[in-house]
Amino acid sequence: MANYLSPFQTIKSACDRLVIAVEDVSDLWPSVKEGFEQRLPFQKACLNNKTRNPVFVEQLPAEFILTTDPRLRSRFPQEQSVFWFREPYATVVLVTCEDLEEFKTILKPRLKLIVQNDEKEWFIVFVSKAHPSNDQATKMAKKVYAKLEVDFSSKKRERCCKLDLHGTESIFWEDLESKMVESIRNTLDRRVQFYEEEIRKLSEQRFLPVWNFCNFFILKESLAFMFEMAHLHEDSLREYDELELCYLETVNTPVRQREFGGLDHGDDQAALLNPVFKPLTQIIQDDSFREFEFRQYLFACQSKLLFKLSRPVEVAARGYAFIISFSKTLALHENALPFCLREAWVITACLAVINSTSSHYDGGVVAPDVEKEFYRLQGDLYSLCRIKFMRLAYLIGYGVEMERSPANSASLSMLPWPRPAVWPVSSPDASSEVFAKEKIILQANPGAKHFDIQRKPLPLEPSSLLREANRRRASLSIGNVSELLDSRHSVTDGSGADGVSKFSPSSKTNPSSMSRNFSGPVNFESSSPSLDRPMRLSEIHVAAEHALKRTISDLDLLKSLSTLQDFEQKYMELTKGAADKYHNSCWKRHGVALDREIAALCFKHGNFDLAAKSYEKVCALYAGEGWQDLLAEVLPNLAECQKILNDQAGYLSSCVRLLSLDNVLFSTKERRAFQSEVVRLAHSEMKHPVPLNVSSLITFAGNPGPPLELSDGDPGTLSVTVWSGFPDDIALESLSMTLVATNNVDEGVEAIKCSDAPVLKPGRNTVTLALPPQKPGSYVLGVLTGQIGHLRFRSHGFSKGGPPDSDDFMSFEKPTKPVLKVFKPRPLVDIVAAISSALLMNEPQWVGLIVKPMNYSLRGAILHIDPGPELMIEESQMIEIEDYMSVMERMPQITESIALENVSSISTEKSEQLLLGNGKIALPDWASDITTVLWFPVRAIDDRMARGTSAVYPQRQSVVDGMRTIALKLVFGAFHNQIFERTIAVHFTNPLHVSTRVVDKCNDGNLLLQVIMHSQVKASIHIYDAWIDLQDGFVHIGKGDGRPISSFFPVVISPSSRAAILFSIRLGSMTNEDEVPTESILNMRYGVSGDRNVGAHTPVSANPGVERELLFKSTLILQRPVLDPCLAVGFLPFSSDCLKVGQLVSMQWRVERLKDLVESPRSTLNVLQDELLYEINVNPDNWMIAGRKRGHVFLSTMQGSRVVITVTCVPLISGYVRPPQLGLPDVDDANISYNPAGPHLVCVLPPTLSSSFCVPAAA
Amino acid sequence: MERERGTLSPQASTADKIARSHTIVEVRVLACKVMATTACFIIVSRNDIPIYEAEVGSAMKKEEAAHQHQFILHAALDIVQDLAWTMSAMFLKAMDRFNDLVVSVYVTAGHILPILMLLHDSRNEDGIKSFFQEVHELYIKILLNPLYLPGSRITSSHFDTKVRALARKYL
């Protein structure tokens, strides 16, 4: 069966769709062909898949072929069983007949003959040519069709349908289509069954010697192909998968040594997507196929089906896995394959998969996960391709130009060298190329790391290429030379640069000189590398290049390896591709690693802008995730880019970031280089000075312990700990700090400047800041700002109290501790008067002020004292200050001091005398925290004399009279910023309040005057003497001086109690002289004994030893008696009980002389006369007077003489009326006593009815 | 960089992911074994910050290896982030390969704990798993220290000693 392979391939390529045979019995095909072919391809054909489940095929292509066509006729019958898939899947029999007889005799037998073959799926299409208008023909056609149906259709299956050429029945076409699809389905099922049976039979023989994989393959692929023709791609794919499994099983049985393949020219180009790359007949080997080609063929078939199924993602996934596994297979056969065929194949395979999947992937409606997966696979493919490409480039000497990044190093140094059977040897005539390579190696600019960073370069090779290549030269004897080479080279082994150390200038020239040592110019010029001489590196490169040119047939790949520029272009393309795809798939870490490579190449090409952008991306990721080792590797490059681009802001921030990396990542020298860069830039003339964020480098914290507490309005000094991450001292131009109120964020913060320009040492520094007065609230440290040179920097970095740890990202979440608390305004001090009771007026008295600091120091406080009007401070006296004790504590001492008549005998522990200067005193330091009492002498001035009052009509004295005020201003606080102002009222009073009353009026005209003294002060008053200077009109009895009996003195009046003194006086004569006092004055000599803590006390005197008697004067007002009656007027009762209108009534007054009017000055004229003028006052409307209203009566001047005045009068109206009044116009009212007084009103009755008044009108 | 994905298939329903989002780990331990006797072990906190790293092996230490290991482990976080939410197991063995090296990951439960990852070349899965579990225990003890700020670098020398001892025992 193996020889079927060739025809099988031919047949397969020739047939691409299902065939439907047309048996044109009545030559009808040309007329119906068009209509039939319009139905193709079948829409929504329902077929059965391999598991007999219905599958709807959207577009099923098919082809109608006449049975007379040579394509169907010329087949050999024996082929049919294997190549059955190409046989017609249905047979359409086209007939027409218009005559029943003809049908019976001719057509029916013929049809029977055609359809007798059971294996065919057939059905008959009866074509009626009859025109609808021709009834006869139509009827006949119907009859014939009916007959046809009877003969060929069965109950099970309708095998006939009728086509009216002139009709327009769409039903027919649907019917036809369903019949055709049904036939195809049935045929397909049968054939599938057949193939399966065949395959099963073959499979059973798999372990027999007769087993032939080719036969199995033909059967299996036939089935697969049939499914593919029927558009059952899933089933087809499954067949290929099974085929692959089966093949791998055969290949892996180590029974026979088979050829692997891959030795042909062009095999380096992967054909994993091209099934027709090589005809299968070429790769047949014994009873099977060569693995190299056949596995690619199978994969190509699978991927073709997957693309048809619109599953490019799966192609990528399978492709990646296939490339990996196939690469491993290639590695197994590597010593038989051309040099580096494996690498070349992987490169081309990856690119092929990438290209084809990209072109098939329309990014349509796929789940985001799938899309990501797709991009990830593409990224992996690109990445794999890139690595292999780099390996090839390295072999031909471009390694010196490659970036030795961790990504490249990790990939390449763990990838073993190719293991050809024999390492290629450079041809003798390639000396010029060797020179060129050597030149490249020598000229390679080992881009010194920026900032003179010394690092061992990362390797790009698993082991030294020099050693590996020479070791693998079969011709080289394992002798001393290679041993020597090994041992010598081990010095630089792992330095990563086959002899050229890229990064270390010191060892830069070593390798080349070493290679010269081995080869020597003489040896070299002797051309052909002798068998015993180890190759030099440049020779290895040249040899590899030659070998690769032989291996690689892909022109594109060859070109990209031909020159350095081409290599870099391709390298960039691959790297960018990988990076893009990884970024699309959200594998940012993979993507970023490749971005770094892009940046490195851009940098190399002088494209610093792009390089900086890419480096920034890389740094951002590494910094964000805190992988400092990786960051430390990239960041210097970024800094260099920024430096070249003159991006000062970026460069500075990169330097700062470098400085803030972990100490162990850079040596002190390197860190100093970073710092010097920062300082250099800061002091240079920057066009646009930029603010710099040094949060990671300079951190700060408040001092441990409780926060600084200040009262509102107080300035203070805040000390802040600042950690500097600079390796050296750094001098700052200024440093300031903002405080942020925790309760109020809106408010603008003000920076507090450090007074001096600090120099920050590495590590911990303490900086003190002078705080201006702050608003109340609690404050945390905000931002540290400062200036280095012209450079302003700021730091937000809080430190938790240790050295800055930039790894610790959670430190930002730490609640910050308040460093400052400013309390709300509160009373800081209180000053009150020490006494509440009154002091003595007009005498120097101690006023006490209790100065009470409230948790606030009064150190350095100054008290301004400003006495108000009518109050003066005795400046001659010292001011006393003593510590304060409460009244209760002092009470025993006070009692004692009163008893001893001391001002104050309270002995306190501390007391001091102060001098008042200019109205100010400074409080002593010892008094700054304790409550003290400040005593200072004042004198209240009151020019008015005290006034006594009558005890009968007491007059209250106004308290305000004795009130005096002292305005106080206390300036205190550390900066004299606090001011306390208060006005204190002090009450002054006279010691006594005097009231008088006349106790008794004696018969002899003497008066007993009682003077009551009411003590006004809380102190005992001793009265030593008292006398009254009487006013005019009063005289002392017995012409004395008015003093009481002196033996009564001294009188002691206790606080708030009263005492009285009796004086006997009498009325004297008035002198009417101007100089005579009109007021009496009480004089008293007295003394006071009291304590100043309580109230009034002994007046302050310059020499306290001498007790001074005080004089108190108070006016007394004595009034002479007001009434002095000379005449008494009495109203005599009416004679009748009732008064009536018109009735006469006599009114009588009795006038009696009580005493002589001698002393009355006004009545002097009348005194000589006995006549007394009287007058009746009456309302003439009410009364009619009978007689004289006014006249004189005689009254003897003798005391006791009396006279009665009678007046007759008639009341005129009834009612209550005022009666007539008797007046004495010549006599003063004060001299008249009405006794008994006349009535105010009298009742007058109406007149009695009298006929005499009723005069008839007629009469 | 021939890498094969692990046997894990990232297929989990959204509901499943959401349900597990509360239980999945914040802590990954990365351990990286470079040579048969060399392993690099890293604890990665949430935010993917390495908070502890150690070369836990007896082999000669290459200076350049540190960079490569860091790079490999960092790149493996890409896969961890994809897989951690789709897998219910805490121990994700061999979830990434880098040539001969294998990255194993131990994803601890809880929100404040880190993710553990291991890169190694040995196939001693049981040992690695035990190693992870014990280190997890150790980490929890560290976490109980009130002076340790979760998420910050582990600087305890005691922890370091213990981890190295465990590595000798299991790897």
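Any read-out appearing in this document is the output of simple, stated calculations on the displayed coordinates, not a laboratory observation. Just so it is clear, the structure is predicted and the values come from calculations on it, not from any experiment. Here the Cβ is made from the backbone with ideal geometry for all residues, glycine too, and neighbour counts use every protein chain on show.
Brief remarks follow.
- Label-point separation, A:Thr10 to A:Asn186 (7 Å along Cα→Cβ), nm: 3.3 nm
- Phi-based couplings in Hz for the stretch A:922-931 (Karplus 6.51, -1.76, 1.60; Gly and Pro marked x): 9, 6, x, 5, 5, 8, 6, 10, 10, 6
- Placing a pseudo-label 7 Å from each Cα along the Cα-to-Cβ vector at A:Asp99 and A:Glu733 gives an inter-label distance of 12.3 nm.
- Estimated FRET transfer efficiency when R0 is 41 angstrom, pair A:Leu558-B:Gln81 (beta carbons, to 0.05): 0.55
- Cβ-Cβ FRET estimate between A:Ser154 and A:Gln193, R0 fixed at 22 Å, reported to 0.05: 0.45
- The stretch A:31-72 and the stretch A:1179-1212 have their alpha-carbon centroids 169 Å apart.
- Net +/- balance of residues flanking A:Phe1131 in space, Cβ distance below 15 Å, scoring K and R +1, D and E -1: +2
- Residues whose amide H lies under 5 Å from that of A:Leu18, counting only those 5 or more places away or on a different chain, are A:Glu63; hydrogens are built 1.01 Å from N in the peptide plane.
- Under Karplus coefficients 6.51, -1.76 and 1.60, residue-wise ³J(HN,Hα) of the stretch A:1176-1192 in Hz, glycine/proline x: 9, 9, 8, 8, x, 6, 9, 10, 10, 8, 9, x, 7, 7, 9, x, 10
- Per-residue Cβ neighbour counts within 10 Å put A:Tyr1234, A:Tyr297, A:Tyr884 in the sequence A:Tyr1234, A:Tyr884, A:Tyr297, beginning with the fewest.
- When only alpha carbons are used to place a centre, the stretch A:266-329 and the stretch A:971-1004 end up 121 Å from one another.
- Rg and Dmax over the alpha-carbon atoms of the stretch B:39-170 stand at 13.8, 42 Å.
- Note that the stretch A:6-113, at 25 °C in a medium of 0.890 mPa s, gets a Stokes-Einstein diffusion coefficient of 151 µm²/s from its Kirkwood radius over C-alpha pairs.
- Backbone N under 20 Å from the A:Glu889 label point (7 Å along Cα→Cβ), restricted to the stretch A:848-870: A:848-859
- Quotient of Cα Rg and 2.2 N^0.38 Å for the stretch A:235-390, N being how many residues it contains: 1.05
- The stretch A:106-208 shape via C-alpha gyration tensor axes, a/c threshold 1.5: prolate
- Rounded if a/c under 1.5, otherwise prolate or oblate - the stretch A:197-274, Cα gyration tensor axes: oblate
- Anisotropy class of the stretch A:279-336 from Cα gyration tensor, a/c 1.5 cut: oblate
- Centroid-to-centroid, using Cα positions, the stretch A:123-142 and the stretch A:190-256 are 51 Å apart.
- Normalised by the number of residues in the stretch B:39-170, the average gap of Cα pairs under 8 Å and 6 or more apart makes the relative contact order 27 percent.
- Once both labels are positioned 7 Å from their Cα atoms along Cα-to-Cβ, the gap between A:Ala620 and A:Thr766 label points is 4.3 nm.
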